[in-house]
Every structure is written in structure tokens, then in C-alpha cells.
1. Give me the distance between the Cα centres of the stretch 173-206 and the stretch 51-120, rounded to whole Å.
2. Once Rh is set to the Kirkwood radius over Cα pairs, what Stokes-Einstein translational diffusion coefficient, in µm²/s, holds for the chain at a temperature of 10 °C and a viscosity of 1.306 mPa s?
3. Given only helices, namely DSSP H runs of n ≥ 4 each adding -39500 (n - 2.57), what is the per-residue ellipticity at 222 nm of the chain, to the nearest 500 deg cm²/dmol?
4. Is there a quick way to get the dipole size of the stretch 4-274? I mean about its Cα centre, with the Cβ of Lys and Arg at +1 and of Asp and Glu at -1; what is the value in debye to the nearest 20?
5. On the principal axes of its Cα set, how long, how wide and how thick is the stretch 8-68? Give whole Å, largest value first.
6. How much length would be gained if the chain were fully extended between residue 203 and residue 2, taking 0.36 nm per residue of separation minus their Cα-Cα distance, in nm to one decimal?
7. What are the ³J(HN,Hα) values, in whole Hz, obtained from phi via the Karplus relation 6.51 cos²θ - 1.76 cosθ + 1.60 with θ = phi - 60°, for each residue of the stretch 197-209 in sequence order, with x given for Gly and Pro?
8. What FRET efficiency would be calculated for the residue pair residue 65, residue 270, taking the C-beta separation as r and a Förster radius of 51 Å, to the nearest 0.05?
Amino acid sequence: MNKWILITGCSTGIGYTAAHALKNRGYKVIASCRQRKDVDRLIEQGFTSLVLDLADQGSIDRAVNEVIEITQGNLYALFNNGAYGQPGALEDLPTEGLREQFEANFFGWHHLTTQLIPLMRSNNQGRIIQNSSVLGFAAMKYRGAYNASKFALEGWTDAVRLELIGSGVHIALIEPGPIETAFRANALTAFKKWVSIEGSVHQHHYQQQMDRLSDTQSKNAFVLPPESCIPPLIHALESNKPKLRYRVTTPTKVFAILKRLLPGAWLDKILRKAA
């Protein structure tokens, strides 16, 4: 391919897997991570890598300048992937916790992407792939903060897609369901930071959620490895007609159908059990 792509959130999981897969495919990958130690590890593995903290606007600005210098303005693609989940009932989550969720999962993505779109416009080509979630269109209890950030991302992406028509720049969403990554461990850290269990009407359910997040492996029967996201990512990067949405895992595909067919009250019952 010999084209430059910036990937965010490459320390583990989907981002790490995508960086290796696209590098092996011939892309010139810039793999970014929030922490310096992960950047150093990727550099040792032969990657061009840099620090990019999506919750820090200054970090984003510095990373953009580095990307422009490294690519000499010829960035072809951006894979927005870096994000985390903030568990907890919304009534127990302080506003600052919700704000922190949006800073990393939405505002940071906006700031990064809008600085890179002019580069792609000037080249009359480009691809922006947004790693969303089944929770970007199907809400579940105790995932409200993450739901809200991903619902916002989906609306943002739909609007930008219309604004990019005729520019040569395409934007697409990948919507994974359960994927085996470090997502649960990061979510547990966020939960302990912002949610007080004692005195909450959800206390009993919180213990169940903490047990789930503490497991080293998912017990979801439909969980897939990060590699399952690579074929849709490649299609979004290389097809002359990329899809608007790529649904990965059985739950995502099923809920997309159910949301179109079922009354809201019926879907709520299914989502309540699924949570």
C-alpha cells in the first residue's frame, strides 16, 4: 500500500492488532499510545510511534505536528480507536466523570480529526475509520456514559460524512460487539475512580458488574478476538465504495435488526437481560 495511516490507542487490543496487520500489509503505520512506555515498546517492535493522549488537547496538537512532519503532509488515513468505558448508573456518576468520558471518547476524537481533514482534502483523498460499538446504537444499563459518547460519535460521523461528499475523503464506522481486549480492566479502574458503591440503590448490581470486569477473560458466548475487526477495517480503507457501517460480532448484527423491527418497549426487555 505504501500509504501513511495514523492509529490511536495502539497499546493493546484492536489498535495493537490493527497496527501489526496494516504494517504487514504494506501500510506505513504511525501507532500512537497514551503512555510513553507503550510508545517505546512499539518503537522497539519497528513501528513509527508517538504519544497521543485523547484527553489532552495539547498532546493532540503535538501529535498532529509530528504526523505532518513524518508524512510530509501525505497522511492517507486515520483509524480513531483509542477509548475506554466508564461503567456505573448515570445517577451515581458525577458530572466530572461523564465529562472525562467524553473528553477521551468524543471531544478528543473531534479535535484530532478536524485537524487532519484539511490534509486529506488537500490531497483529494483520505479515509477516516471510527471504531464505535454496538453500544453506539443500543443502550444498556450501567453503560450509560459509554453509550452517550458512542451515540454522539455516530451522529458526528453521519454529519461529517455528508459534509465530506465530493472531497475524495470517506468516513466509516466499525461497530464491534464483545471483543476480547483489555477493555474490562480499564473500565474497572474508571468505575472505582468515579462511582461510590456504598449507599447506592444499585449496590447489589454493582458487585455483579465488578465481578464481571475483574475476569481476565470474557464469559460472553459471542466474544471474538481483535483480529475480527481487521477485514472490515481493510475494506473501509481500500474499497472504492466503503460501507457506512461495518457490524462485527453476532450481537451487533442481531441488535441492529431488532432495533429496526421491534417496538422500543420490547427491545428494552431484551437489552435489560443482555446487560
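1. If we compute the Cα centre of each part, the gap is 21 Å.
2. The diffusion coefficient I find is 83 µm²/s.
3. Helix-only estimate at 222 nm: -15500 deg cm²/dmol.
4. It works out to roughly 900 debye.
5. 31, 22, 19
6. Taking 0.36 nm per residue and subtracting the Cα distance, the gain is 67.1 nm.
7. Karplus-based 3J(HN,Hα) across the stretch 197-209 equals 6, 4, x, 7, 5, 9, 3, 4, 5, 4, 4, 5, 5 Hz.
8. 0.60
Every read-out reported here was derived from the displayed coordinates using simple, explicitly stated rules and does not represent laboratory data. Note that the structure is predicted; figures quoted are calculated from it, not measured. When we count neighbours, we look across all protein chains shown, and the Cβ atoms used for this are built from the backbone with ideal geometry, even at glycine.
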